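Just so it is clear, none of the values below were taken in a lab; they were calculated from the coordinates. All values derive from a computational prediction rather than experimental measurement. Cβ: placed from backbone, ideal geometry, glycine included. Neighbour counts: every protein chain shown.
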Amino acid sequence: MRSLLFAPADSPRKLEKSLATGADAVLIDLEDSVALNAKDTARRRAADFLREARRQSHAPVLIVRVNALDSGLIEHDLDAVMGAAPDAIMLPKSRHGADVQHLSVKLAVREAENNLADGATRIIPIATETADAIFGLASYAGASQRLSGLTWGAEDLAAALGAETNRRADGEYTDPYRLARTLTLFAARAADVFPIDTVYPDFRDLKGLRRECEAARRDGFEAKMAIHPTQVAVINDVFTPSPEALDRARRIVDAFAQNPDAGVLNLDGAMIDRPHLRQAERVLRRAAKREA
């Protein structure tokens, strides 16, 4: 996945439109974008949308963002959507790996009730939306085989911290949010799951979005969430390896294949070693998954 587009579950128009945006995944939202008095309607529409989208030959990955574990709403969310077999559940306001384990148990029960394969539903936590969640990031490694990605949230975290803003005048994040972003990246790699960058709220500023995507890719993130369809093309473009990057990755892999006992090699006048090989293999795996 490169792009994950949010669509409010109570809006059939936006749900339908999300399928034509080119997003690799649609995040069907039952949480923040849905008012409390619209939750029941949103749940029904989410389930209907999942079933309808499954009929399409090239459906994106279908992920449902439920309400938080302590919201009193998540049981109703899962009861409504699990029969329609979402690919994954996004867990907001996750505090640590134990929350993933808690959700995993809930999913296992509903998979059994709906004749779904055990473990078929993956989990993607939003791992930095509360102050205490920062201290639980190391606990995601090994928490559950369902864990497939990890992302972070800057807007809810700003509210939790009582911040006036989470960005400087130049648009860059202030230090608390840079720390949350960095630690999420470390946590995702430590858990060997997909690191996903958070949303860029100003959907009209596509230049700013591109800069933030390029910074995220540079640092090691492999995808980014979107809040508007216009953001998808930019995200997909930045997180798709260029032909030059793919060619270099293949040449690095080929060089080590031809010299299996080498620790260090010379490629185009530059030293390459085993870390370069691992990165090249990761690039090629991502490209292969997208082609599949």
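A few remarks follow.
- Crossing angle, helix 97-113 versus the chain [Cα axis fit, 0-90 degrees, rounded to tens]: 60
- Label-to-label distance, nm, for residues given as Ala131 and Phe203 (7 Å Cα→Cβ offset): 3.2
- Using the average count of surrounding beta-carbon atoms within 10 Å as a protection proxy, the listed peptides 161-168, 37-44, 123-130 rank, highest first, as 123-130, 37-44, 161-168.
- The alpha carbons of the stretch 243-291 give a radius of gyration and a Dmax of 10.7, 31 Å, in that order.
- Arg167 paired with Arg44, simple spin-label distance in nm, labels 7 Å along Cα-to-beta-carbon: 3.8
- Value of relative contact order over the stretch 243-291, rounded to a whole percent, pairs C-alpha under 8 Å and six or more apart: 42
- Computed over the chain, the ratio Rg/Rh where both radii use C-alpha atoms and Rh is Kirkwood: 0.98
- Percent antiparallel among DSSP beta bridges (both partners in the chain, rounded to 5): 15
- Residues Phe194, Phe6 in ascending order of nearby Cβ atoms (within 10 Å, fewest first): Phe194, Phe6.
- Karplus 3J(HN,Hα) series, Hz, for the stretch 43-49 with 6.51 cos²θ - 1.76 cosθ + 1.60 (x for Gly, Pro): 4, 5, 5, 4, 5, 4, 5
- The chain, relative contact order [Cα under 8 Å, separation at least 6], %: 15
- Environment charge at Asp10 (Cβ cut-off 11 Å; Lys +1, Arg +1, Asp -1, Glu -1): +4
- Residues of the stretch 206-248 with amide N under 15 Å of the 7 Å Cα→Cβ point at Arg285: 221-223
- Full-extension gain in nm, Asn266 to Arg110, via 0.36 nm per residue minus C-alpha separation: 50.8 nm
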